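Written out below as structure tokens is the structure these notes cover.
The values are calculated or read from the model by the stated rules, or taken from the named source; none is laboratory data. Predicted model only: the values in this text are computed from it and were never measured. Backbone-built Cβ (ideal geometry, glycine too); neighbour counts: all protein chains shown.
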Amino acid sequence: MNPAPNLILIGPMGAGKTCIGRRLAERFTLDFVDADQAIVDAAGASIATIFEHAGEAGFRQHERDVLHALLDGSGQLVSTGGGAVLDPDNRQAIARRGFVVYLRVSVAAQLERLARDRTRPLLQRPDREQVLQEMAALRDPLYEALADLTLDTDLYTPAEATAQLVLRLATQWQRLDLPHE
């Protein structure tokens, strides 16, 4: 049993972090927090607008500030943005303040799930498959190293993935309500 104050979902865009996260939060009576939405709320601007005005580096600073503030809490399921793991300080905070679930997804499944998405700044290019392959090459090892538990979401609907995670989390994660260290 691995006790932690929060349940944290990591993985690439299209893995199901938000959809599965909402279901898991309800099942475990946790507050659901979508880190990307929290960034939008804190900045008062869409992620696309933040990227347009501050670039990816500016967005990553917003992401870091918001994520660290979120992780000060407990009793939450935090769905992170796909690139949150790029920052070593973020990885350290995630590992320290949560039980980390990596929702793995193949590039083929991402392309299918994100085919109609026009809101993600890093995908607003004609070479989406190449962009996703490059992101996977960089990020997948970081996700793997951080994960306490990994689930391949290609194989499941959101309901099935949630059911699988509920079973696995029941034996591997214990909610721990601790003050921030």
Residue within region 133-143 that is modelled with pLDDT of 95 or more, of a type in the set (D, E, K, R) and either out of contact with any helix residue (DSSP H, G or I) (no Cβ under 7 Å at 6 or more places or on another chain) or assigned to a helix (DSSP H, G or I) (or both) present
yes
Val100: surrounded by 22 or more Cβ atoms within 10 Å (Cβ to Cβ), among the hydrophobic types (A, V, I, L, M, F, W, C) and either under 13 Å from the mean Cα position of the chain (by Cα) or within 17 Å of Asp152 (Cα to Cα) (or both), yes or no? yes
Considering region 145-181, residues that are part of a strand (DSSP E or B) and over 16 Å from Gly11 (Cβ atoms), and then whichever is modelled with the lowest pLDDT, we arrive at Arg175
A careful count of residues in region 98-119 that are closer than 24 Å to Ala48 by Cα, in a loop (DSSP other than H, G, I, E, B) and in contact with a helix residue (DSSP H, G or I) (Cβ under 7 Å, 6 or more places away or on another chain) gives 4
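What about Ala69, is it surrounded by 15 or more Cβ atoms within 10 Å (Cβ to Cβ) and either within 15 Å of Gly16 (Cβ to Cβ) or at pLDDT 90 or above (or both)?
No; evaluated as a whole, the condition is false for this residue.
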Residue check, Asn2 surrounded by fewer than 23 Cβ atoms within 10 Å (Cβ to Cβ) and of a type outside the set (A, V, I, L, M, F, W, C) = yes
Of the residues in region 135-154, those that are out of contact with any strand residue (DSSP E or B) (no Cβ under 6 Å at 6 or more places or on another chain) and either surrounded by fewer than 15 Cβ atoms within 10 Å (Cβ to Cβ) or among the acidic types (Asp, Glu) (or both) come to Ala137, Leu138, Asp140, Pro141, Glu144, Ala145, Asp154
